[in-house]
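Let me begin by presenting the structure, written as structure tokens, before commenting on it.
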Amino acid sequence: RERPEFGSIQEFLDQGIPVREIEINAYSKSNDLYVLLLSAEEIYIGYEHCILSVAVNITERKIMENELRKAREEADQANLAKSEFLSRMSHELRTPMNSILGFAQLLEMGELNSGQKKGVSHIMRSGKHLLDLINEVLDISRIEAGHISLSLEPLRVGDVILEILDIVRPQANERKIKFELPGTGENSLYVKADKQRLKQILLNLISNAIKYNKKEGLVVLSSALMPENSTGVAMVRISVKDTGTGISSTDLPKLFQPFERIGAEKTETEGTGLGLSVVKQLVEAMHGMVGVESNPGEGSTFWIEFPWSNGLIERSEKESEINGLEKSLGNKSGTILYIEDNLSNVELVAEILASQRSKIRLITESKGKMAVPLAAEFKPDLILLDLNLPDIHGSEVLKILQTTESTKSIPVVVISADAMPKQIEKLILAGAKNYLTKPLDLNILLKIIDEFVD
């Protein structure tokens, strides 16, 4: 039987307008619904006026499309649930890590004997390792959800490599690993990439080259300008070569898959198996490529390629200010209001100020609803604000502070264990002057305090 669509189709045909591949619903004699792809036009057979129509049954295709759409919606919902879970996990894991690493940093600043220094060093190393594992899981989630923020700029390859070597040299010294560095010409090459993410990628590759190398082995770092590809883009290849046991051809395809730890059974190396998966996704997000070549018994060469750049950009004024902290700033005086319900975090910030900025007064409160009354009473130079408070969420506290006449001019810096980009962007847009994630970097916290406290 006919559906209403046939009426409008007939109107087109009456005006001499042909119909091409229009979806219509139609019922069979047994009342089964079908989806048809209909084409029709007027023709003449001799002197007889006729309508030529062709209907293709696409019912099964539409069923498949609906199932795919439903599956995609369910996958999106699952991905959202995963992101929310990871955001919560981030907070729950980062909060205790803030106290562990924060107090360990304070201990490092004090006078310790050799045994105590060794113990604090173990705490810092293990704490940072745990934080790296947390960050790798979060990175996977951010990249998959498309929430990763990248700032591409010209970067000098040699400078970035030297920064990474400063970080990994103690690790290399423990295993007596030597480095062979790029030549002068290779050092001068520039790539277009995000500096923080490029450092993260190289740190992963170089750390692996140390961990999976033989004792007293060698790590060769090199870079080279590659010929232009089919799209006319020249790439710079950065290679990290080790003298380890190598990787079999059967294991090579598994290297960049999440949770795969090829060769881990032969070492005591810890990890999640997410590092190379994060590397691959970060490189591709910056329009680059990654690969590996290996011969069992001879070692492996991991390489990454990024678009070549021919220029150098100046550092931002903000970055210059952060790097230029003066020792005399310890004499600064003022007042800070800290809204935080975690006692260990409050004690940590109190200790930081007592030892590094002793003339700054710290007012603390655990309830978000007390932020406005306290800010109005003490008129602080800066408000430090946690998000997960026992009474109201920190984002609501920020909103109230921003809309209250007596407090709207007071700068607010969020300190939270929630490191998800959406949350950070949301709070910055809402008026926060900065957003620090736990565990805190003491130097960055002090620089931000110095920025707002006169």
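The values are calculated or read from the model by the stated rules, or taken from the named source; none is laboratory data. Remember, predicted model here, so these are calculated numbers, not experimental data. Positions of Cβ are backbone-derived with ideal geometry, glycine not excepted, and every protein chain shown enters the neighbour counts. What goes into the accessible areas is simple: the full protein's heavy atoms, side chains included, and nothing from ligands, DNA or RNA. Shrake-Rupley method; radii C 1.70, N 1.55, O 1.52, S 1.80 Å.
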Please work out if Ala209 is open to solvent by less than 10 Å² (accessible area, probe 1.4 Å), in contact with a Phe, Trp or Tyr (Cβ under 8 Å, 6 or more places away or on another chain) and part of a helix (DSSP H, G or I).
yes
Any residue in the stretch 168-187 that is within 21 Å of the chain's Cα centre (by Cα), at pLDDT below 90 and surrounded by fewer than 19 Cβ atoms within 10 Å (Cβ to Cβ)?
no
I'm trying to understand the selection: among the residues of the stretch 367-415, which are among the charged types (D, E, K, R) and either open to solvent by less than 50 Å² (accessible area, probe 1.4 Å) or over 20 Å from Thr95 (Cβ atoms) (or both)?
Lys369, Glu377, Lys379, Asp381, Asp386, Lys399, Glu405, Lys408
Determine, yes or no, whether Leu107 is modelled with pLDDT under 80, surrounded by fewer than 19 Cβ atoms within 10 Å (Cβ to Cβ) and not polar (S, T, N, Q).
no
So, of the residues in the stretch 416-434 that are in contact with a strand residue (DSSP E or B) (Cβ under 6 Å, 6 or more places away or on another chain) and open to solvent by less than 20 Å² (accessible area, probe 1.4 Å), which turns out to be nearest to Asp132 (Cα to Cα)?
Ala419
Looking at the stretch 27-46, can you tell me whether even one residue there is open to solvent by 100 Å² or more (accessible area, probe 1.4 Å), modelled with pLDDT of 85 or more and assigned to a helix (DSSP H, G or I)?
no
Of those in the stretch 408-439 that are part of a strand (DSSP E or B) and among the hydrophobic types (A, V, I, L, M, F, W, C), the residue nearest to Val349 (Cα to Cα) is Ile415
Do you know which residues across the stretch 375-402 are of a type outside the set (Lys, Arg), more than 14 Å from Asp341 (Cα to Cα) and part of a helix (DSSP H, G or I)?
Ala375, Ala376, Glu377, Phe378, Ser395, Glu396, Leu398, Ile400, Leu401, Gln402
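Residues are listed down the side, and each one gets a yes or a no for (1) at pLDDT below 85; (2) more than 14 Å from the chain's Cα centre (by Cα); (3) open to solvent by less than 40 Å² (accessible area, probe 1.4 Å); (4) not aliphatic (A, V, I, L, M):
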site	(1), (2), (3), (4)
Lys118	no, yes, no, yes
Asp132	yes, no, no, yes
Asp139	yes, no, yes, yes
Arg142	yes, no, yes, yes
Gly158	no, yes, yes, yes
What do you reckon, is Glu65 more than 16 Å from Gln10 (Cα to Cα), open to solvent by less than 90 Å² (accessible area, probe 1.4 Å) and free of Cβ contacts under 8 Å to residues at least 24 places away in the same chain?
yes
